[in-house]
């Protein structure tokens with residue numbers, strides 16, 4: 001490893017930190033994926049809500065069968081509605097995280113320019129009474 | 001040379017930068033700029049002047065610069081985490097610098113030159129080092145005294161060869177699997193320098209103390225780092241998320257009786273006290289995935305069964321388990337709450353079926369049942385039921401079940417049913433060993449400590465040692481954690497000290513167990529030094545016997561004799577009524593503080609071999625034995641085995657192990673410690689021989705030798721039994737002079753009891769002589785004396801009081817005819 005503090009700083013600034021920003025972004029993407037259970041809910045999207053379905057029982061009665069079929073459908077619909085809502089919110093969050101990660105990544109590289117701009121702009125416009 | 005090592009470490013540039021720009025100064029600057037930005041913006045809104053915006057830009061730039069600097073320093077300071085193979089590689093190649101932690105690198109930078117190490121400069125730097133002061137506190141070393149000693153023995157210009165210490169530090173660090181070479185390793189390597197070793201010896205600190213405190217500090221630092229790394233994947237993914245339980249069925253009835261453990265642990269930080277217990281989580285996971293998915297967790301209350309299950313619940317919640325177990329709900333029910341409120345067995349069975357059925361139907365439930373054996377008892381009673389048949393279908397179903405029980409519960413239910421053993425996987429949790437328990441206490445004491453309360457490492461070690469040795473009815477870590485809390489409370493409420501020392505722990509244990517564990521001092525020292533005199537206040541004659549007993553006890557309490565044997569073990573031989581039992585009572589009163597601390601066994605009741613079950617318990621009925629249960633409850637007591645020659649030889653064999661090793665394994669598999677008991681066995685065997693030899697004028701030593709030979713010849717005691725006692729004490733028949741003294745003592749005791757009524761009996765030499773003659777018989781010794789006093793003298797006094805012939809304030813002279821009367 002180099003002994004020059006300047007070289008080490010430059011390596012840290014332009015290599016290590018940007019990679020870390022991407023890694024943190026990746027961590028948050030995984031976090032959002034797990035928090036909103038996107039994969040988990042997608043695999044069970046049409047599962048009945050809390051397994052709340054009725055059995056069709058023995059024998060066939062059209063009226064009874066229709067009622068049960070309808071209720072089971074409603075249960076699956078409720079489940080699907082809630083799951084899709086959460087999945088959509090999750091995906092939106094993921095997109096936001098990706099946008100923030102990219103923004104952070106870019107900002108880090110331009111930060112020295114930003115600092116210089118702040119100093120020069122501040123000094124230029126400063127009115128010292 | 002040091003420069004080479006520092007370059008290898010990769011910290012040289014950082015150390016130089018930190019000397020140039022101190023991190024604390026930068027941190028203060030950062031705070032200043034941050035506050036200045038906020039102030040400038042505030043002023044803009046208040047004064048409405050754009051100038052403040054320009055100032056805020058400049059301050060913001062300053063803040064960003066200092067922030068980047070701080071982040072850079074933090075990154076460069078990050079600890080090395082070398083695996084064992086890499087560590088060993090660097091040690092073999094003598095690239096010691098690659099092992100340095102940042103802290104050690106900085107300290108050595110300040111205290112080394114070329115190949116020389118300057119101890120004075122080293123400790124001068126450590127004088128302002130927070131980590132080192134933390135270690136001194138935990139080792140109970142006053143900092144000022146320590147540094148004064150250092151300045152005395154190490155002159156400014158004294159140097160020592162650096163490479164020697166490096167090699168020692170690296171090799172010792174390797175043996176304990178450290179991930180880097182730290183300050184603690186360096187201090188241990190310094191012990192090879194006599195001056196430093198002498199200083200630590202003065203403060204009663206050994207290498208193992210340094211190692212324990214060093215490891216404690218490393219764990220603290222690791223915990224702090226884990227909390228700081230909140231953006232790490234491991235930390236962020238410690239969540240369950242939304243909607244994981246939407247596919248599971250409703251559990252309306254189960255929710256009334258069950259506790260949701262997974263919800264409980266959701267926001268709790270991972271318990272770190274799983275050292276040695278982490279393997280059980282894997283065993284439980286495997287048990288749930290394999291076979292029928294049923295696990296029984298077996299262990300005594302207090303070993304950490306519920307902690308292990310909570311840790312498993314956290315792994316399930318965080319998705320850190322295999323496939324089908326991830327994100328399941330762990331619902332815990334207690335057998336007592338299920339069976340409560342049901343009038344008949346059928347009602348209970350219906351309730352159990354309902355709850356189990358609901359759990360099975362839900363599909364995402366792991367059912368945890370506390371006191372699981374209460375559902376499977378083949379001999380149902382209040383609070384217990386035999387639901388084995390009803391639950392068999394559930395045991396064979398996909399429902400995941402974790403039962404919790406103790407050894408007794410398992411042995412009496414599942415242990416007797418081979419079908420259940422086939423269906424249910426057993427995970428046995430044993431108590432933590434002393435080193436694991438110490439680590440648990442080190443981590444746990446942080447919750448009890450405050451600015452004004454700190455535990456030294458010696459105090460924590462004392463807690464573990466004394467609890468392991470003296471408290472037998474609870475396992476570790478529970479008993480040590482209990483004493484930890486009690487000690488903290490004791491120090492806060494009863495002392496003005498804020499450092500918890502070993503002495504405080506000893507005090508708490510003494511109060512808790514009534515065992516005098518404090519170092520022999522003060523009153524107890526006086527008792528032991530003058531034990532013969534104290535015993536003679538109650539025992540007449542038997543001078544040699546009392547000397548034998550006193551010597552053995554002095555050896556026991558001064559720490560010279562083995563710690564693995566009882567405090568003392570004596571075989572009292574002699575005719576009846578000569579003072580054997582009285583000596584036992586006197587010993588109990590003097591040494592144990594109370595005559596009631598005697599656990600007495602009449603060995604004539606243990607003449608049959610099956611009587612062993614009464615002594616040490618019955619494996620079939622799982623009942624404890626009288627001897628073992630009493631010693632567990634009262635580890636500090638005197639065990640009296642009366643008429644020991646009458647016991648069955650197999651029962652006497654039990655005591656061979658007790659006398660030799662200080663412990664006994666009972667029928668329930670528990671190891672019961674006898675090291676804080678005193679064992680006295682009494683026997684009248686050979687009484688005739690003693691009388692004969694005494695009348696022949698044989699000396700004490702000869703008497704004992706002939707007596708022992710006689711006992712062995714007659715087959716009354718085996719040689720290996722007799723040899724295990726600390727002393728075989730012979731009690732001689734009482735002489736008439738001694739009997740007279742006893743009579744005087746008994747009458748004095750009677751006068752003490754009559755003092756309430758202001759009545760005193762005149763004790764004349766004639767009275768005592770008559771009492772001594774009439775109160776003695778060869779068959780019963782001096783025993784009839786007490787009966788004589790009670791029947792004749794006390795009855796006379798009672799009659800006199802009732803008929804008013806004896807009045808208050810009167811000195812009563814006992815008429816001779818009272819004692820001359822025939823029965």
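The values are calculated or read from the model by the stated rules, or taken from the named source; none is laboratory data. A quick note: this is a predicted structure, and the numbers were derived from the prediction, not measured. Every residue, glycine as well, gets a Cβ built from its backbone with ideal geometry; the counts of neighbours run over all protein chains shown.
Return a yes/no flag: does the range B:75-89 have any residue that is at the interface with another protein chain (Cβ under 10 Å from one of its Cβ atoms) and loosely packed, with under 14 Cβ neighbours inside 10 Å.
No, the conditions are met nowhere in the range B:75-89.
Does residue B:310 qualify as being more than 14 Å from chain A (Cβ to nearest Cβ), surrounded by fewer than 18 Cβ atoms within 10 Å (Cβ to Cβ) and out of contact with any helix residue (DSSP H, G or I) (no Cβ under 6 Å at 6 or more places or on another chain)?
No, not satisfied.
Give the residue, chosen from A:57, A:79, A:90, that is at pLDDT below 95 and either under 15 Å from the mean Cα position of the chain (by Cα) or exposed (fewer than 13 other Cβ atoms within 10 Å of the Cβ) (or both).
On inspection, the qualifying residue turns out to be A:57.
Being facing chain A (nearest Cβ under 8 Å) and more than 16 Å from residue A:10 (Cα to Cα) is the filter here; which residues of the range B:60-74 pass it?
B:60, B:61, B:64
Give B:133, B:124, B:103 a once-over and let me know the one that is at pLDDT 90 or above, within 22 Å of residue A:9 (Cα to Cα), in a helix (DSSP H, G or I) and away from chain A (no Cβ under 14 Å).
That would be B:103, the only listed residue that is at pLDDT 90 or above, within 22 Å of residue A:9 (Cα to Cα), in a helix (DSSP H, G or I) and away from chain A (no Cβ under 14 Å).
Can residue B:109 be described as more than 27 Å from residue A:115 (Cα to Cα) and within 14 Å of another protein chain (Cβ to nearest Cβ)?
So residue B:109 fits the description; yes.
Look at the range B:426-454 and say how many of its residues are free of Cβ contacts under 8 Å to residues at least 60 places away in the same chain, buried (at least 22 other Cβ atoms within 10 Å of the Cβ) and more than 9 Å from the chain's Cα centre (by Cα).
Total satisfying the criteria: 2.
Could you tell me whether the range A:104-114 includes any residue that is surrounded by 12 or more Cβ atoms within 10 Å (Cβ to Cβ), more than 30 Å from residue B:363 (Cβ to Cβ), more than 14 Å from chain B (Cβ to nearest Cβ) and at pLDDT 90 or above?
Looking for residues that are surrounded by 12 or more Cβ atoms within 10 Å (Cβ to Cβ), more than 30 Å from residue B:363 (Cβ to Cβ), more than 14 Å from chain B (Cβ to nearest Cβ) and at pLDDT 90 or above, one finds at least one in the range A:104-114, hence yes.
For the range A:51-65, does any single residue satisfy the condition of being without any contact (Cβ under 8 Å) to a residue 12 or more places away in the chain and facing chain B (nearest Cβ under 8 Å)?
yes
Select the helices (runs of 4 or more DSSP H) contained entirely in the range B:1-86, then report the ones holding at least 2 residues which are in contact with a helix residue (DSSP H, G or I) (Cβ under 6 Å, 6 or more places away or on another chain) and under 30 Å from residue B:116 (Cβ atoms).
B:2-9, B:12-20, B:51-76
Among the residues of the range B:358-390, write down those that are within 14 Å of chain A (Cβ to nearest Cβ) and closer than 18 Å to residue B:288 by Cα.
We begin by selecting, within the range B:358-390, every residue within 14 Å of chain A (Cβ to nearest Cβ); these are B:358-365.
Hits for the range B:358-390 are B:359, B:360, B:361, B:362, B:363, B:364, B:365.
Could you list, in sequence order, the residues of the range B:242-257 that are assigned to a helix (DSSP H, G or I) and facing chain A (nearest Cβ under 7 Å)?
Across the range B:242-257, there are no qualifying residues.
Evaluate the following for residue B:145: is it at pLDDT 90 or above and either outside the structural domain of residue B:199 (by TED's automatic domain parsing) or crowded, with 21+ Cβ neighbours inside 10 Å (or both)?
no
Which count do you get for residues in the range A:1-46 that are assigned to a loop (DSSP other than H, G, I, E, B), over 26 Å from residue B:238 (Cα atoms), within 7 Å of another protein chain (Cβ to nearest Cβ) and touching a helix residue (DSSP H, G or I) at 6+ places or on another chain (Cβ under 6 Å)?
The number of residues fulfilling the criteria is 1.
The rows are residues; the columns are (1) out of contact with any strand residue (DSSP E or B) (no Cβ under 7 Å at 6 or more places or on another chain); (2) exposed (fewer than 14 other Cβ atoms within 10 Å of the Cβ).
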| position | (1), (2) |
| --- | --- |
| B:677 | no, no |
| B:689 | yes, no |
| B:709 | yes, yes |
| B:733 | yes, no |
| B:745 | yes, no |
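Matching residues to (1) surrounded by 15 or more Cβ atoms within 10 Å (Cβ to Cβ); (2) under 24 Å from residue B:583 (Cα atoms):
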position: B:593; (1), (2): no, yes
position: B:599; (1), (2): yes, yes
position: B:604; (1), (2): no, yes
position: B:608; (1), (2): no, no
position: B:612; (1), (2): yes, no
position: B:617; (1), (2): yes, no
position: B:622; (1), (2): yes, no
position: B:629; (1), (2): yes, no
position: B:636; (1), (2): yes, yes
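Would you pick out the residues in the range A:52-77 that are in a helix (DSSP H, G or I) and touching a helix residue (DSSP H, G or I) at 6+ places or on another chain (Cβ under 7 Å)?
A:75
Residue-by-condition table, conditions (1) over 18 Å from residue B:727 (Cβ atoms); (2) outside the structural domain of residue B:573 (by TED's automatic domain parsing); (3) modelled with pLDDT under 75; (4) surrounded by fewer than 16 Cβ atoms within 10 Å (Cβ to Cβ):
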site	(1), (2), (3), (4)
B:528	no, no, no, no
B:531	no, no, no, no
B:537	yes, no, no, yes
B:548	no, no, no, no
B:552	no, no, no, no
B:559	yes, no, yes, yes
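So which helices (runs of 4 or more DSSP H) stay within the range B:292-365 end to end and still have 1 or more residues that are more than 37 Å from the chain's Cα centre (by Cα)?
B:345-362
So which residues in the range B:160-181 are buried (at least 18 other Cβ atoms within 10 Å of the Cβ) and assigned to a loop (DSSP other than H, G, I, E, B), if there are any at all?
B:178, B:179, B:180
Please state which one of B:35, B:22, B:61, B:27 is surrounded by 20 or more Cβ atoms within 10 Å (Cβ to Cβ) and not assigned by TED's automatic domain parsing to the domain that holds residue B:181.
Every option except B:61 fails the conditions.
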